[in-house]
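Any read-out appearing in this document is the output of simple, stated calculations on the displayed coordinates, not a laboratory observation. Given the structure is predicted, the values throughout are model-derived calculations rather than measurements. Cβ coordinates were reconstructed from backbone atoms using ideal geometry, including for glycine residues, and neighbour counts include every protein chain displayed.
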Amino acid sequence: MAKAVHTFARTNQALVIKVGFVDGQMLQPGGLKALADLPSREALRAQIVGALTGPLAQLVGLLQAPSASSSTCSVSAQERGTGFTGA
């Protein structure tokens, strides 16, 4: 609601917001503008999920890398016939 009123007030200069009430608390125009500038709940959830999945994907890649390189070394050693069987 705050976002819609703020957008309307921006396009119609005759509307001046002096005070607002949110959850029983009185907010000054600066607080209402800050509330209106917040992303939607869905956008915030998407940002949180993205922030969590990025490092987790890197961690999974890091944990899988030693086993992948070990098996690659093992296969190439067996192809050369050096007898290296891996760790």
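Here are some notes:
- Within the shell of other residues whose beta carbon sits under 15 angstrom from the beta carbon of ARG10, the net charge comes to +1, with Lys and Arg scored +1 and Asp and Glu -1.
- Paramagnetic reach from ILE17 in the range 32-56 [backbone N under 20 Å; point 7 Å along Cα→Cβ]: 32-44
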